[in-house]
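The values are calculated or read from the model by the stated rules, or taken from the named source; none is laboratory data. All values derive from a computational prediction rather than experimental measurement. Neighbour counts are summed over all protein chains in view; Cβ atoms, including those assigned to glycine, are modelled from backbone coordinates with ideal geometry.
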Amino acid sequence: MLETSTNYANTPSQNMQGNLASIPLADVLATLQAVRGTGVLGLRYTDSRFNTNLLFLRGSIGRIMTPFAPRLSDILLSLGVERKQIFGETEGADWAERLARSSVPIDLIQQATIHRVEMGLLPLFNLDQGQFSFEAREGVPVGFVQPGVALDQILQNLAQRSDDLEAAGASHLSPLFAFRLSSDPRQFSARSSSLEELDWQILGKLEQTQVLRDVMQGLALPWDEVALSVLKMERLGLVELDESNQSAFEGGRLLEGSKAPFFVLPDLRDQPFSLGMLRGKKTMLSFFRHAGCPFCNLRVHDLIEQGDRLRAMRVEVVGVFGSPLEHMRAHVGRQNPPFPLLADPDDSIHDLYGCERSLWNALRSHFTPDFIKGWRFGTASGSTINGEFTRLPAEFLIGPDLTVEKVYYGKHASDHIPLEQVEAWARSGETVPQGVTIIGRQKQQQYPQEMQGEER
């Protein structure tokens, strides 16, 4: 349990450190406010590009060194403050001292500080792969911008905005992700018809710089606005992860741990469905043969029957068939599944995911009971084959961040991943919290190098 000194308001208190997986950042900040902490809070993450420092004075924040917000001076300029008011004629002084001597109204300094703190902390609010450490100090920390801001409203606002991001499925995006315009230009104009002015600004910025953090900086936008816009465009199939984050193969097969390859395909309603629509969900992406395949129709029937079980596991199902839409509607579409079925008539996405072909393995399944059992689910008058006959099924379990966590390539036409394996995957990945350690006061050290420079 996190412990702090009860007389923190009057005397220097203990240093403390701990694991953000055990004590969330919100609790760390609330504790420092409650005990009126004075000193430096350092946040150190597995990915050091997220590292952030905050200066506290009696529980208020007066400075944040963050990679996710524009300079405080830029925010002040956006609030209508004139440059000469900010910088004046005092040269060589510390940035905080110069601002204190300036003619900028205190309420605007506080407003800009709040905005910058929120912009810097929002991408970190639920990030738990790291450590925190607080070093208590005497006096006003060097670089603290007076008068500082209270955390009450900031924490409440950050919690609401973070919840909104999670509810939208954007919590698995990162400001360090690089996005580019879609490599599939088909129906781009039609898919972009719902974009708003902010979306177009971000889309235009992505043509200049693909890293979302740079988009934030360039447009002076907070993370939630950028994330929600990019998520919207990703789901429309207008943008995709940069190829440095893309998939990896071995022997033609997609490797576990790589990113799912990008696609945009029409569903049974002829509406575009993109890879981005899977973000934030655990998904079983199933690749089938043609829409009249008895084995494929039997599998779809079984997935419909197991709908309650899959929903209990919070697993979404998406099926991809190597047939045109009209053929899908006439065959497998007659089952009216409660999950999306997508048309890949030229098998290009099947190939992209490494789905294999084998005439013998496709034929040998026809001598099993599943062939007769599945026939009644997808047949109609006329030919039932309109697609690649030798194609074998494949299924991919994809995590909320669009990482391929498990691959299953069928050995024959009726070979699919057992649902027991899906359930084991869906329930895996729970983390065990680690404890927090409070340490006594140590000899004060110099501020970290990244905290020395001005944040103008």
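Details
- Failed condition for L127, given (1) among the hydrophobic types (A, V, I, L, M, F, W, C); (2) in a loop (DSSP other than H, G, I, E, B); (3) in contact with a helix residue (DSSP H, G or I) (Cβ under 6 Å, 6 or more places away or on another chain): (3)
- Any hit, the range 177-191, residues being closer than 27 Å to Q111 by Cα, hydroxyl-bearing (S, T, Y) and surrounded by 16 or more Cβ atoms within 10 Å (Cβ to Cβ): no
- Scanning the range 107-138 for residues that are more than 31 Å from the chain's Cα centre (by Cα) and within 14 Å of I75 (Cα to Cα), we see that the one that is surrounded by the fewest Cβ atoms within 10 Å (Cβ to Cβ) is D107.
- Members of the range 44-85 found to be aliphatic (A, V, I, L, M) and either surrounded by 22 or more Cβ atoms within 10 Å (Cβ to Cβ) or assigned to a strand (DSSP E or B) (or both), listed by number: L54, L55, L57, I61, I64, M65, A69, L72, L76
- Among residues of the range 167-180 that are under 16 Å from L203 (Cα atoms), those with a Cβ under 8 angstrom from a residue that is of a type in the set (A, V, I, L, M) and surrounded by fewer than 19 Cβ atoms within 10 Å (Cβ to Cβ), sequence gap 6+ or separate chain, pair up as P175/V211; F177/V211; A178/V211.
- Any hit, the range 47-57, residues being more than 30 Å from the chain's Cα centre (by Cα) and under 30 Å from S133 (Cα atoms): yes
- Set V332, V300: member being aliphatic (A, V, I, L, M), buried (at least 24 other Cβ atoms within 10 Å of the Cβ), touching a strand residue (DSSP E or B) at 6+ places or on another chain (Cβ under 8 Å) and over 22 Å from V404 (Cα atoms): V332
Conditions (1) in the same structural domain as S48 (by TED's automatic domain parsing); (2) modelled with pLDDT of 90 or more, marked per residue:
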| site | (1), (2) |
| --- | --- |
| I114 | yes, yes |
| G143 | yes, no |
| L158 | yes, yes |
| S174 | no, yes |
| E207 | no, no |
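- Selection status of Q217, within 27 Å of F339 (Cβ to Cβ), in contact with a Pro (Cβ under 8 Å, 6 or more places away or on another chain) and outside the structural domain of P400 (by TED's automatic domain parsing): no
- G37 falls short on exactly one of the conditions (1) over 25 Å from Q217 (Cα atoms); (2) touching a helix residue (DSSP H, G or I) at 6+ places or on another chain (Cβ under 9 Å); (3) outside any loop (DSSP other than H, G, I, E, B), and that condition is (3).
- Among residues of the range 139-160, those that are surrounded by fewer than 19 Cβ atoms within 10 Å (Cβ to Cβ) and in contact with a Phe, Trp or Tyr (Cβ under 8 Å, 6 or more places away or on another chain), counted: 2
- Hey, R101 farther than 15 Å from R116 by Cα, at pLDDT 85 or above and not hydroxyl-bearing (S, T, Y) or not: no
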